[in-house]
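Values quoted throughout were computed directly from the atomic coordinates according to the rules given, and no laboratory measurement underlies them. Please read all numbers here as calculations on a predicted model, not as lab measurements. Cβ atoms come from the backbone with ideal geometry, glycine included; neighbour counts cover every protein chain shown.
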Amino acid sequence: MNGNLKILRSLINEIRHVGKEKKMKDNIMVQYILEEARKHRETSEVLCKAREELKSMGENYLCYLESQRKYNEIRTQYAGKGDRSVKETADLVGFKLPHDPK
């Protein structure tokens, strides 16, 4: 059960990153996860068939949430700035543009 508790805490921590609610008790995702954990409390100790079900579901959700957060961080860090001007592109490559006499 200690492993399940660690996964639950990690899940709530990841939800805290994406959630907008101040209190985690008000978050629907947290309420659902805690409700499922309470349902499986007896199951994980009594029945062998569903013993690892909560743990595997929690690990899958945790992996998904962590991956989404990391993806968004990388995407915002390396996102393109749209079209560059000719001068910006030349500077990026290391070329110099000829001067335009007026």
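Structural remarks
- For the pair LYS81 and ARG9, the difference between a 0.36 nm per residue extended length and the Cα-Cα distance amounts to 22.2 nm.
- Each principal axis of the Cα cloud of the chain was evaluated for its coordinate range; sorted largest first, these ranges are 86, 29, 17 Å.
- Partner lysines for LYS96 [C-alpha distance under 19 Å; skip if fewer than 8 residues away on the same chain]: LYS87
- Placing unit charges on the Cβ atoms only, positive for Lys and Arg and negative for Asp and Glu, gives the chain a dipole magnitude near 280 debye about its Cα centre.
- Between GLN68 and ASP26, the simple spin-label model (points 7 angstrom out along Cα→Cβ) gives 2.0 nm.
- Between TYR64, LEU92, TYR32, the Cα set farthest toward the positive side of the dipole of the chain (charges on each charged residue's Cβ, about the Cα centre) is that of LEU92.
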